[in-house]
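The values are calculated or read from the model by the stated rules, or taken from the named source; none is laboratory data. All of these numbers come straight from a predicted model, not from anything done at the bench. All Cβ positions, even for glycine, are placed from backbone atoms using ideal geometry, and neighbour counts span all protein chains on display.
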Amino acid sequence: MDKNDENLVVVYITEDQVEESLIQSALQDAGIDCAIHNHEILDYLQSTELNSGSQIQVLEEDVDRAKTIIAEVLQSSQSNPIEDSAQEDE
């Protein structure tokens, strides 16, 4: 994928590097190329972070599939196996 392609669409923004990696892996496993653009704008005078995060971009033709995969990744990362196991025991 040409990361400068005009047909890239932002499908998700995250500040969590683990989440970024999980999403990137899931998209690649599904055969969807993605570009990650990290944004950090620092105010050097005050040494405070103003804006950070990563934009996950895919080709326009992959947007719907990518959003579905991202939703699945987010849902599975939010589930708690300890709670799930306790509920099964009841």
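Of the helices (runs of 4 or more DSSP H) entirely within the chain, those holding at least 1 residues that are at pLDDT 95 or above occupy 17-29, 63-78.
List every residue pair whose Cβ atoms lie under 9 Å apart, where the two residues are 6 or more positions apart in sequence or sit on different chains, the first residue falls within the range 5-29 and is closer than 13 Å to GLN55 by Cβ, and the second residue, located anywhere, is of a type outside the set (Gly, Ala, Ser) and exposed (fewer than 13 other Cβ atoms within 10 Å of the Cβ). Sorted first by the residue in the range 5-29, then by its partner, the pairs are LEU8/ASP2; LEU8/GLU60; VAL9/GLU60; ILE13/HIS39; GLU20/ASN38.
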